[in-house]
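Heads up: the structure comes next, in structure tokens.
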Ligand SMILES: [Zn+2]
């Protein structure tokens, strides 16, 4: 009996000891867990966020800071992007000449212009809708367009060109007539000024589908238009003025205006849902 009682006593002490140790262990683990799960990462992410913000703010140039002040809703990253695209200047007030006239990636817009005497030397005819006579494009673009036309025929519809290369003088006529008849503001909304028209590159093409010669925007309603949008990058073409990129292109959406940029760039632009201005910016090409 005596031995058993002593054993019981030791037993109770041992159990109590284990219980105390257990509670202490649970408490420490719990405390550590809470520290790990809550306070520490929050402190850490706040610190990283503050540091990143500071770093970004401190790297804004004078022009970017000014642009950020007049566009308080934009992130610093967006400010840098838009200033790099010259969007802190009004259209046509900050013009730079296109440097590489041979490049199929040349950017021609309201900030980059082609010389008045520039005419590509290697243009050939492409299948046309006939409404504007013979339509010519730069050879590489023309060959790619012909492949796209053939692929379209396989899909069961006729694709052809309404207009492609336009000379500086012709663009000058279009724009000047617009100004004369409707005023500068209206003309600027509907025609690009000479030198700033992508049609002078011989790399872009306005298309028709199944010879619907009504409004150019009619292609948008063609049952195979979606196919065209999803597949033309395989032939090196992009939609140059998409619906959601006017803030960068400064051109109202043009469902019919394709631009040849080559297969690699076209794929990257398609996959990232960029416009050409964004591609040039992200690839650091200017
Ligand atoms: Zn066009």
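The values are calculated or read from the model by the stated rules, or taken from the named source; none is laboratory data. All of these numbers come straight from a predicted model, not from anything done at the bench. Quick reminder, even Gly has a Cβ in these numbers, built from the backbone with ideal geometry, and neighbours come from all protein chains shown.
Data table
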| read-out | value |
| --- | --- |
| Positions within the stretch 214-236 being more than 16 Å from the ligand (Cβ to nearest atom), more than 23 Å from residue 278 (Cβ to Cβ) and assigned to a loop (DSSP other than H, G, I, E, B), in sequence order | 214, 222, 223, 224 |
| Residues of the stretch 226-247 satisfying the condition of being more than 18 Å from residue 209 (Cβ to Cβ) and crowded, with 20+ Cβ neighbours inside 10 Å | 236 |
| Residue list for the stretch 170-213, filter: assigned to a loop (DSSP other than H, G, I, E, B), within 13 Å of the ligand (Cβ to nearest atom) and out of contact with any strand residue (DSSP E or B) (no Cβ under 8 Å at 6 or more places or on another chain) | 191, 192, 197 |
| Checklist (1) touching a helix residue (DSSP H, G or I) at 6+ places or on another chain (Cβ under 8 Å); (2) touching a residue at least 24 places away in the same chain (Cβ under 8 Å); (3) assigned to a loop (DSSP other than H, G, I, E, B) applied to residue 86, failing item | (1) |
| Filtered residues of the stretch 237-268 (kept if more than 12 Å from the ligand (Cβ to nearest atom) and either assigned to a strand (DSSP E or B) or modelled with pLDDT under 95 (or both)) | 237, 238, 260 |
| Only listed residue being touching a strand residue (DSSP E or B) at 6+ places or on another chain (Cβ under 9 Å) and crowded, with 21+ Cβ neighbours inside 10 Å, chosen from 123, 137 | 137 |
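Matching residues to (1) crowded, with 20+ Cβ neighbours inside 10 Å; (2) touching a residue at least 40 places away in the same chain (Cβ under 8 Å); (3) in the same structural domain as residue 111 (by TED's automatic domain parsing):
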position	(1), (2), (3)
153	no, no, yes
156	no, yes, yes
164	yes, yes, yes
182	no, no, yes
190	no, no, yes
194	yes, yes, yes
199	yes, no, yes
